[in-house]
Amino acid sequence: MYVEEWIYDKDDESAKGIVTFLPFRTTPDPLAPTMMGLHVQPSRPAVEVYLATGRTTAEPFALVNVGSEPFAYTVASDAAWLSLGRATGTVPVLEADEVGLTLDASGLATGVYQTTVTVNGPDGPAASVPVTLIVTGQPTHRLYLPITMR
């Protein structure tokens, strides 16, 4: 089930709790907001990635159909450092299609690089998602510290 794939809970890590998302709709909700009135929505409104020079990373990116008919699409970007896992496809009603993005900092100098991933449907441009790649000179390490309260 698509919704469950995006929830990180006890099924993914035993220390987490269970997320309950039932009941869920099996038909489109005519009152549900859509992004700019669109029938297909990107799973992320924007993508921002920190990457060390010479490194490559894959980022999840899907298209979700909130309309009442299947949605045929093409996805494009003009940045050489960004490649698409899938450039064309069809999203069934109330389902998602994983496109996937790969960002490659090989040969890039330290700095900020920006582009746009454009999703086109049968009637022209459907959505634009900004993608920012911040190339660092050194590998980036994230440190997560637990917060305790007394």
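Points worth noting:
- Test result for Gly54, in contact (Cβ under 8 Å) with a residue 12 or more places away in the chain, surrounded by fewer than 17 Cβ atoms within 10 Å (Cβ to Cβ), on the phi > 0 side of the Ramachandran plot and not aliphatic (A, V, I, L, M): yes
- Number of residues in the range 8-35 that are at pLDDT below 70 and either touching a Gly at 6+ places or on another chain (Cβ under 7 Å) or at positive phi (or both) equals 1.
Each row is one residue, and each column tells you yes or no for (1) among the β-branched types (Val, Ile, Thr); (2) in contact with a strand residue (DSSP E or B) (Cβ under 7 Å, 6 or more places away or on another chain); (3) at pLDDT 90 or above.
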| site | (1), (2), (3) |
| --- | --- |
| Ala58 | no, yes, yes |
| Val64 | yes, yes, no |
| Pro70 | no, yes, no |
| Asp78 | no, yes, yes |
| Pro92 | no, yes, no |
| Thr115 | yes, yes, yes |
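- If you filter the range 36-51 down to residues that are surrounded by 15 or more Cβ atoms within 10 Å (Cβ to Cβ) and more than 19 Å from Gly100 (Cα to Cα), you find that the one that is modelled with the highest pLDDT is His39.
The values are calculated or read from the model by the stated rules, or taken from the named source; none is laboratory data. Source: prediction; values computed, not measured. Positions of Cβ are generated from backbone atoms using ideal geometry, with glycine treated the same way; all protein chains shown enter the neighbour counts.
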